[in-house]
Every structure is written in C-alpha cells, then in structure tokens.
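Comments concern the structure below.
The values are calculated or read from the model by the stated rules, or taken from the named source; none is laboratory data. These numbers come from a predicted model, not from an experiment. Quick reminder, even Gly has a Cβ in these numbers, built from the backbone with ideal geometry, and neighbours come from all protein chains shown. Surface areas here come from the heavy atoms of the whole protein model, side chains and all, with no ligands, DNA or RNA. Shrake-Rupley method; radii C 1.70, N 1.55, O 1.52, S 1.80 Å.
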Amino acid sequence: MRLSSWRTKAPGKGGINPKVIETVGSILAALGAEPDPHCWVTWGDETGGRWSLIAPCEQGMAVVNIRAGGLDDGSRVGGRLVRWSKVQVGELAAEAERGHRLVMFQVEGQPIRGTDDNAADVAAFARLTLAGLEGRPLPDLDRRPAGRTSAPKKAPPAALKARARRAPRTDAGTAAGTAAAGLVRIPARTGPKLAAKVAAKGVAKGGGGGAAKAPARDAR
C-alpha cells in the first residue's frame, strides 16, 4: 500500500493531512525512496499525532518518524536510511483458521501483523523487503499478475445449428446435374432425383449453351 492510501486508515486525519504527506515525501526523496512509496505505517499512542513508516528502496530501508503538532508548533519529520546489509528482519509466518487469515512479519524490531483483508498487504510488504535483502529487483506491487490464457469458448448449440443451415449442401447428383445443364442452377437443397429432372429439362430447352441445337429440316 502506498503512503497516500494510508490516510484512509489513519485514526486521526490531522496527523496525516496533505501538507504532512508532502513533507514526508520530501524526506523520503532525500533518502533515495519514492515520494509516495509502498510502505508500512505504524500509528503511535497519540491519536494521529505520532506515527512512523518504513519504506523499502534500492539502497535500503527508509525509516521516517513523524510528529504532527498543532497550528503553532507545526509538524516534525525525521528519517534515516538503513542499508540492506544492516536491516534486521524476522520470519514471515502465516496462519489460517475457520476462514480467517493471519500474517506476521518483523522489520527492525517492529512487528507487522495483518488479518483477513490486511493479510495480503503484509505478505506483499514482506515480499518487497525480502527482495531487497537478497539483492533482487524490487517487485512492482502495482502490477497485477498476468492471468492464464483461457481456451477459446465453444459456440453455443443454437449458433452451430444456424451455421449448418447457412452452409451449402453438396452431393454427386446435384453436381452432375449442374454440369450437364450448363448454366442451369439447381437449388442447394434439391435431392438427386429432382436434380436430374431439372438438369434434363434445361438440356431439352437448350438453355445456357450446354447442348447444341438440332439443325432445322429442309422444307423441301
């Protein structure tokens, strides 16, 4: 989850207002992280007044502490970058019981727990952290995994029947009748017997030049 999305989960809106997020983003950029990175936020004892975040980046783990003051005092933000060779992490554990899930992880002595819908967020953050520890490229959590290529859908029976009705029928009788009649066209659904009759009729009339006309008798 990115920093800008954590505002909806804040216990107090005043401690993570847009101005504070902009200040935190400038500190993260100075440490080598993105201004709006994937991170994990831990809320302090005071309601929205104190909170901290850890954000993995290529150089290491950025740790930022925030104290949101009043209108007169303002906010105070401080951060540090822990190199990957010095980052301390615990084991990634997961449990499931009666339809509920629990995922636990620990970074720099800070326990991270997520249940049910938040369990996936903890697992994704742990995957991001472990990739940095192992020197692998940090995974893009914004990109959804590609789905499997599905097989082409079969045509419904009604569509297959309609396609069969449109397809022309071919049989030996129809083909022979058409060849004998020249330009005489025989319907596609004509049976062999009827096709022979239509072909013979076309030849008798001499249509289409299929057969030569008989010479006229001499009047003498």
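Across the stretch 22-64, the qualifying residues are those that are part of a helix (DSSP H, G or I) and open to solvent by 30 Å² or more (accessible area, probe 1.4 Å), and the one among them that is nearest to VAL89 (Cα to Cα) is LEU31.
Under 27 Å from LYS13 (Cα atoms) and modelled with pLDDT under 95 - does that describe any residue in the stretch 139-148? Yes, the stretch 139-148 has at least one match. Restricting attention to the stretch 108-136 and to residues that are in a loop (DSSP other than H, G, I, E, B) and open to solvent by 60 Å² or more (accessible area, probe 1.4 Å), the residue that is modelled with the lowest pLDDT turns out to be GLU108. VAL77 - would you say it is at pLDDT 90 or above, open to solvent by less than 100 Å² (accessible area, probe 1.4 Å), closer than 15 Å to ALA131 by Cα and among the β-branched types (Val, Ile, Thr)? In short, no.
Filtering the stretch 90-107 to residues that are crowded, with 16+ Cβ neighbours inside 10 Å and in a strand (DSSP E or B) leaves ARG101, LEU102, VAL103, MET104, PHE105, GLN106, VAL107. If I filter the stretch 74-84 for residues that are in a strand (DSSP E or B) and of a type in the set (Ser, Thr, Tyr), do I get at least one hit? No: the stretch 74-84 contains no residue that is in a strand (DSSP E or B) and of a type in the set (Ser, Thr, Tyr).
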